[in-house]
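Engineer: I have a structure I would like to understand better, so I am pasting it below and will then ask my questions one at a time.
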């Protein structure tokens, strides 16, 4: 299911990053009209979509590594949701201090982070199980 969600997200980022960004802004920001995107935000979103598709659609180690990386990002967003969003906002907006996130966004950041950590832990467990079964069969 994660693979499907990330594939859809990656395709949307490639084809219509502006629509995706503006929709997210309207949903999550108190004042989206006062926040100006940096010139590189849309091209970087498109590049992110390409990377997502590459990592998610490949079989083998790269998808597994990607899921482990999600765990690291998830831990950061669980432990430091305000700092996580502040950093991302500074990367994406020229006037990051003017952008005001709706209060629920911080809890949503933590929930997404928790999901990422769970995905990562399940992937680590799957890897350990595979190694154990391989060593037992030798």
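Engineer: Evaluate region 14-33: report whether one residue or more is out of contact with any strand residue (DSSP E or B) (no Cβ under 6 Å at 6 or more places or on another chain), closer than 30 Å to residue 126 by Cβ, crowded, with 16+ Cβ neighbours inside 10 Å and modelled with pLDDT of 95 or more.
Structural biologist: There is at least one residue in region 14-33 that is out of contact with any strand residue (DSSP E or B) (no Cβ under 6 Å at 6 or more places or on another chain), closer than 30 Å to residue 126 by Cβ, crowded, with 16+ Cβ neighbours inside 10 Å and modelled with pLDDT of 95 or more.
Engineer: Out of (1) modelled with pLDDT under 90; (2) within 19 Å of the chain's Cα centre (by Cα); (3) surrounded by fewer than 13 Cβ atoms within 10 Å (Cβ to Cβ), what's the single condition that is false for residue 83?
Structural biologist: Status for residue 83: all satisfied but (1).
Engineer: Quick check: is even one residue across region 121-131 surrounded by 16 or more Cβ atoms within 10 Å (Cβ to Cβ), closer than 24 Å to residue 3 by Cα and modelled with pLDDT of 85 or more?
Structural biologist: Taking region 121-131 first, the residues surrounded by 16 or more Cβ atoms within 10 Å (Cβ to Cβ) are 123.
After this cut, where a residue has to be closer than 24 Å to residue 3 by Cα as well, the list is 123.
Adding the requirement that they be modelled with pLDDT of 85 or more leaves 123.
Within region 121-131 (the criterion being surrounded by 16 or more Cβ atoms within 10 Å (Cβ to Cβ), closer than 24 Å to residue 3 by Cα and modelled with pLDDT of 85 or more), the answer is yes, since at least one residue qualifies.
Engineer: For region 25-54, what are the residues that are out of contact with any helix residue (DSSP H, G or I) (no Cβ under 7 Å at 6 or more places or on another chain) and part of a helix (DSSP H, G or I)?
Structural biologist: Across region 25-54, the qualifying residues are 27, 33, 43, 44, 47, 51, 54.
Engineer: Another one. Take residue 75 and decide whether it is in a helix (DSSP H, G or I) and under 30 Å from residue 35 (Cβ atoms). Before the answer, list the steps.
Structural biologist: Numbers: in a helix (DSSP H, G or I): yes; under 30 Å from residue 35 (Cβ atoms): yes.
Here the answer is yes, as residue 75 does meet what is asked.
Engineer: Go through the residues of region 55-69 one by one and say whether even a single one is surrounded by 17 or more Cβ atoms within 10 Å (Cβ to Cβ), over 20 Å from residue 115 (Cβ atoms), touching a helix residue (DSSP H, G or I) at 6+ places or on another chain (Cβ under 8 Å) and without any contact (Cβ under 8 Å) to a residue 24 or more places away in the chain.
Structural biologist: No, region 55-69 contains no residue that is surrounded by 17 or more Cβ atoms within 10 Å (Cβ to Cβ), over 20 Å from residue 115 (Cβ atoms), touching a helix residue (DSSP H, G or I) at 6+ places or on another chain (Cβ under 8 Å) and without any contact (Cβ under 8 Å) to a residue 24 or more places away in the chain.
Engineer: In this structure, is residue 52 surrounded by fewer than 16 Cβ atoms within 10 Å (Cβ to Cβ) and under 28 Å from residue 131 (Cα atoms)? Step through it out loud before you land on a result.
Structural biologist: Details: surrounded by fewer than 16 Cβ atoms within 10 Å (Cβ to Cβ): no; under 28 Å from residue 131 (Cα atoms): yes.
Criteria not met by residue 52.
Engineer: Of all residues in region 94-110, which are assigned to a helix (DSSP H, G or I), surrounded by 13 or more Cβ atoms within 10 Å (Cβ to Cβ) and within 19 Å of the chain's Cα centre (by Cα)?
Structural biologist: Residues satisfying the conditions are 105, 106, 108, 109, 110.
Engineer: Kindly establish whether residue 75 is loosely packed, with under 13 Cβ neighbours inside 10 Å and at pLDDT 95 or above.
Structural biologist: Values: loosely packed, with under 13 Cβ neighbours inside 10 Å: no; at pLDDT 95 or above: yes.
The answer is no for residue 75.
The values are calculated or read from the model by the stated rules, or taken from the named source; none is laboratory data. Computed from a prediction, not measured in an experiment: that's the story for all the values here. FYI the Cβ positions are ideal-geometry reconstructions off the backbone, even for glycines, and counts take in every protein chain you see.
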